[in-house]
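Undergrad: Have a look at the structure that comes next, please.
The values are calculated or read from the model by the stated rules, or taken from the named source; none is laboratory data. Bear in mind the structure is a predicted one, so any value in this text is a computation, not a measurement. Heads up, the Cβs are rebuilt from the backbone with ideal geometry, glycines too, and the neighbour counts pull from every protein chain shown. In case anyone asks, the SASA skips ligands and DNA or RNA and just uses the protein heavy atoms, side chains included. Shrake-Rupley method; radii C 1.70, N 1.55, O 1.52, S 1.80 Å.
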Amino acid sequence: MKIKHIIKGLAVLSLTIAVTGCEKNFLDINANPNTPTTTTPELVLPAALASTGAVVNNNFNILGNLLAGNWAQSPDFAFYQPQETYQLQPTTYDAVWTSLYAGALNDYKYVEDQGIASGKTNQVAIAKIMQAYNFQLLVDAWGDIPYSQALNGTSVITPKFDKAEDVYDGILSQIDAGIAAINATATGDNPTVNSDIVFGNTTVATAMNKWLRFANTLKLRVLLRQSLIPSRVAKVTAGFATLAGKTYLAVGENVGTNPGYLNLAGKFSPLYGAIGFSVTGAETSNYQATRGNKYAIDFLLNAADPRVGLLYRPAVTPVPATNTYVGVYPGTTATTTTKKDNYSAVGAGPLPSSANSGFGKPAYLMTAAEGFFLQAEAILKNYLPGGPVAARAAYEAGIQESFKLLGSTAAAATTYYTASTSPLVNWTLATTANRQFEAIITQKWIGNNGLNGFEAWAEYRRTGFPTNLPVGINNASGGKLPLRIPYPQNELAANGTNVPVIDIFTTKIFWEK
């Protein structure tokens, strides 16, 4: 399977879709995955996983980083006009909706059905866990979505839209079913490295126990996302009761898809292919258009956070010249001193150079850092046991994992948060539960910078942290940040009577602050 990037002039960066190919490597599938007579679950599963990875690492990652104060458009480019002005249209993310439903989710359903028929329960487990993951993406982007009548082929061509909170209930049930299907001792049910492009390069016991920890951590994310809504407290509490004694993503366990990304056009890692470098290592125009946001860079500099040099590259011609890292305020007008070289590009942590094999970087679905920050919040709120000591330990482990994934060390992280005078860094200075909660979400925001911008944006919408995110100068919203994205044009055209009427600036998804 190849990944094809469609770049529409100077309007919007690539929307990634899957197409079939013929070269023998993990990026290629030599048959139509939707034709049962010519395919198998072993071929369809990696296509589905790669499709999910492409959406999370490319389309939604870029969107989230632009809206969460991490990235901005270079003033001398016009690549991100819908995102920077908030004039998101039904066509803007139409292809992503199609990719998730007609691509990834249909493929996971096929893998699940075939796994049930053949008795391969670990295939069923992975398919159910990933369906839950994808449906959460859809809810968190669009709100109410087709769920109970979705994935039924031509038998239901105009599915109803289920309430987002009901879909969340279904997501939790799918995670539980996926967990129940895991058989870490199976001998003939081990997804191979060619099939399981997330954890499959090891033994069945090791791979499926990682899937188990990922599923438990995903359940943490789903439960915490809705935990601030009073009407959901009982369901959240009941959900956490089922996690008693469970394990979560461990140190170094980052969940990423990698079907064998190569330094070949169309076979790059998704983010690298979207805003990275050419086969020869030259800067692409997309790379030059994407610059660090003044908000995030100033935040990191003010906190003396050494990750600033991993998340952003030094400006070529900074203004003033004594600065190293310079961010652009979204919507800034191009002048002789406000062009691409005056601002910092995306750093080598999320976007390594060609020489450092950036083209082969995994597309992360969830990081170990996020997992520890989720645990820290759950412990802080007494959903998980351990009290203040355990909450602090999980929080500091999250910072350490963030440093490590970006290319630094746990020791450097420890030095940083121990010496910091900021209560949003040093746990001992955050003397109230509310301040500790803000510290957790703020550090999670930094940990997702460049790697999973969509999660950073979702957590901002849920909590309001970090505070005072910038609103683009040329916004068309009256100074409001979007709460969601518009329903896609194809769905409006084919299923319009069922599509909810919403305003992306005022109609909240049920879990939003």
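Undergrad: Any idea which residue in the stretch 197-214 is nearest to residue 452 (Cα to Cα), counting only those that are under 22 Å from the mean Cα position of the chain (by Cα) and not in a helix (DSSP H, G or I)?
TA: The residue in question is 198.
Undergrad: Quick check: is even one residue across the stretch 306-316 over 27 Å from residue 400 (Cβ atoms) and either touching an Asp or Glu at 6+ places or on another chain (Cβ under 7 Å) or crowded, with 21+ Cβ neighbours inside 10 Å (or both)?
TA: Our first condition is that a residue be over 27 Å from residue 400 (Cβ atoms); within the stretch 306-316, this holds for 315-316.
Remaining after also requiring either touching an Asp or Glu at 6+ places or on another chain (Cβ under 7 Å) or crowded, with 21+ Cβ neighbours inside 10 Å (or both): 315-316.
Among the residues of the stretch 306-316, at least one is over 27 Å from residue 400 (Cβ atoms) and either touching an Asp or Glu at 6+ places or on another chain (Cβ under 7 Å) or crowded, with 21+ Cβ neighbours inside 10 Å (or both), which makes the answer yes.
Undergrad: Please work out which one of (1) more than 24 Å from residue 158 (Cβ to Cβ); (2) open to solvent by less than 10 Å² (accessible area, probe 1.4 Å); (3) of a type in the set (Asp, Glu) is the condition residue 140 fails and give its number.
TA: The one condition residue 140 does not meet is (1).
Undergrad: Scan the stretch 181-198 for residues that are at pLDDT 90 or above and touching an Asp or Glu at 6+ places or on another chain (Cβ under 8 Å) and jot them down. Step through it out loud before you land on a result.
TA: Of all residues in the stretch 181-198, those at pLDDT 90 or above come to 181-183, 195-198.
Within the stretch 181-198, 183, 195 meet the criteria.
Undergrad: Among (1) more than 23 Å from residue 458 (Cβ to Cβ); (2) touching a helix residue (DSSP H, G or I) at 6+ places or on another chain (Cβ under 9 Å), which single condition is residue 269 missing?
TA: (1)
Undergrad: Might you check whether a residue that is acidic (Asp, Glu), crowded, with 16+ Cβ neighbours inside 10 Å and at pLDDT 95 or above occurs anywhere in the stretch 287-303? Write out each step before concluding.
TA: Here is the first cut: in the stretch 287-303, the ones acidic (Asp, Glu) are 298.
Next, only the ones that are crowded, with 16+ Cβ neighbours inside 10 Å stay: 298.
Then drop every residue that is not at pLDDT 95 or above, which leaves 298.
The answer is yes; a qualifying residue exists.
Undergrad: Does residue 511 satisfy being touching a residue at least 24 places away in the same chain (Cβ under 8 Å), part of a helix (DSSP H, G or I) and not small (Gly, Ala, Ser)? Walk me through how you get there before you give the answer.
TA: Values: touching a residue at least 24 places away in the same chain (Cβ under 8 Å): yes; part of a helix (DSSP H, G or I): no; not small (Gly, Ala, Ser): yes.
In short, no.
Undergrad: Right, next: Residue 429: in contact (Cβ under 8 Å) with a residue 60 or more places away in the chain and of a type in the set (A, V, I, L, M, F, W, C), yes or no? Walk me through it before giving the result.
TA: Values: in contact (Cβ under 8 Å) with a residue 60 or more places away in the chain: no; of a type in the set (A, V, I, L, M, F, W, C): yes.
In short, no.
Undergrad: Here is a check on your reading of the model: is residue 250 small (Gly, Ala, Ser) and either in contact with a Ser or Thr (Cβ under 8 Å, 6 or more places away or on another chain) or in a loop (DSSP other than H, G, I, E, B) (or both)?
TA: Working: small (Gly, Ala, Ser): yes; either in contact with a Ser or Thr (Cβ under 8 Å, 6 or more places away or on another chain) or in a loop (DSSP other than H, G, I, E, B) (or both): yes.
Spelling it out, residue 250 is indeed small (Gly, Ala, Ser) and either in contact with a Ser or Thr (Cβ under 8 Å, 6 or more places away or on another chain) or in a loop (DSSP other than H, G, I, E, B) (or both).
Undergrad: Among the numbered criteria (1) under 26 Å from residue 257 (Cα atoms); (2) among the polar types (S, T, N, Q); (3) not in a helix (DSSP H, G or I), which one does residue 468 miss?
TA: (1)
Undergrad: If you don't mind, another one. Specify which of the listed residues (410, 397, 458, 419) is closer than 30 Å to residue 261 by Cα and without any contact (Cβ under 8 Å) to a residue 12 or more places away in the chain.
TA: Working: 397 fails: without any contact (Cβ under 8 Å) to a residue 12 or more places away in the chain; 458 fails: without any contact (Cβ under 8 Å) to a residue 12 or more places away in the chain; 419 fails: closer than 30 Å to residue 261 by Cα.
Only one candidate passes the filter, namely 410.
Undergrad: Of all residues being of a type in the set (Asp, Glu) and farther than 23 Å from residue 53 by Cβ in the stretch 158-214, which is surrounded by the fewest Cβ atoms within 10 Å (Cβ to Cβ)? Just the residue, please. Full working, then the answer.
TA: Within the stretch 158-214, the first condition is being of a type in the set (Asp, Glu), and the residues that meet it are 162, 165-166, 169, 176, 189, 196.
Applying the additional criterion that residues be farther than 23 Å from residue 53 by Cβ yields 162, 165-166, 169, 176, 189.
Numbers: 162: 20, 165: 19, 166: 14, 169: 17, 176: 16, 189: 19.
Within the stretch 158-214, the match that is surrounded by the fewest Cβ atoms within 10 Å (Cβ to Cβ) is 166.
Undergrad: Kindly indicate the residue of the stretch 458-473 that is within 21 Å of residue 344 (Cα to Cα) and out of contact with any Phe, Trp or Tyr (no Cβ under 6 Å at 6 or more places or on another chain) and also most open to solvent (accessible area, probe 1.4 Å) among those meeting that condition.
TA: Within the stretch 458-473, the match that is most open to solvent (accessible area, probe 1.4 Å) is 473.
Undergrad: At least 2 residues that are on the phi < 0 side of the Ramachandran plot and open to solvent by 40 Å² or more (accessible area, probe 1.4 Å) in each: list the helices (runs of 4 or more DSSP H) lying fully within the stretch 345-457 that qualify. First the steps, then the outcome.
TA: Values: elements: 368-380, 387-406, 410-419, 433-448.
Hits in the stretch 345-457: 387-406, 410-419, 433-448.
Undergrad: Kindly list the number of the only condition in (1) modelled with pLDDT of 95 or more; (2) farther than 22 Å from residue 511 by Cα; (3) surrounded by fewer than 24 Cβ atoms within 10 Å (Cβ to Cβ) that fails for residue 97.
TA: Among (1) modelled with pLDDT of 95 or more; (2) farther than 22 Å from residue 511 by Cα; (3) surrounded by fewer than 24 Cβ atoms within 10 Å (Cβ to Cβ), residue 97 violates only (2).
Undergrad: Same structure, new question: So, in the stretch 215-230, of the ones that are free of Cβ contacts under 8 Å to residues at least 60 places away in the same chain and surrounded by fewer than 23 Cβ atoms within 10 Å (Cβ to Cβ), which residue ends up farthest from the chain's Cα centre (by Cα)?
TA: Within the stretch 215-230, the first condition is being free of Cβ contacts under 8 Å to residues at least 60 places away in the same chain, and the residues that meet it are 216, 219, 230.
Then drop every residue that is not surrounded by fewer than 23 Cβ atoms within 10 Å (Cβ to Cβ), which leaves 216, 230.
Details: 216: 17, 230: 26 Å.
Once the filter is applied, the top-ranked residue is 230.
Undergrad: Something else: Inside the stretch 100-136, can you point out the residues that are open to solvent by 10 Å² or more (accessible area, probe 1.4 Å) and under 19 Å from residue 364 (Cα atoms)?
TA: If the condition is that a residue be open to solvent by 10 Å² or more (accessible area, probe 1.4 Å) and under 19 Å from residue 364 (Cα atoms), then 103, 128 are the ones that fit.
Undergrad: Taking helices (runs of 4 or more DSSP H) that do not extend beyond the stretch 39-127, which have at least 2 residues that are out of contact with any Ser or Thr (no Cβ under 9 Å at 6 or more places or on another chain) and charged (D, E, K, R)?
TA: Values: elements: 41-54, 60-67, 81-85, 94-98, 106-118.
Here the list reads 106-118.
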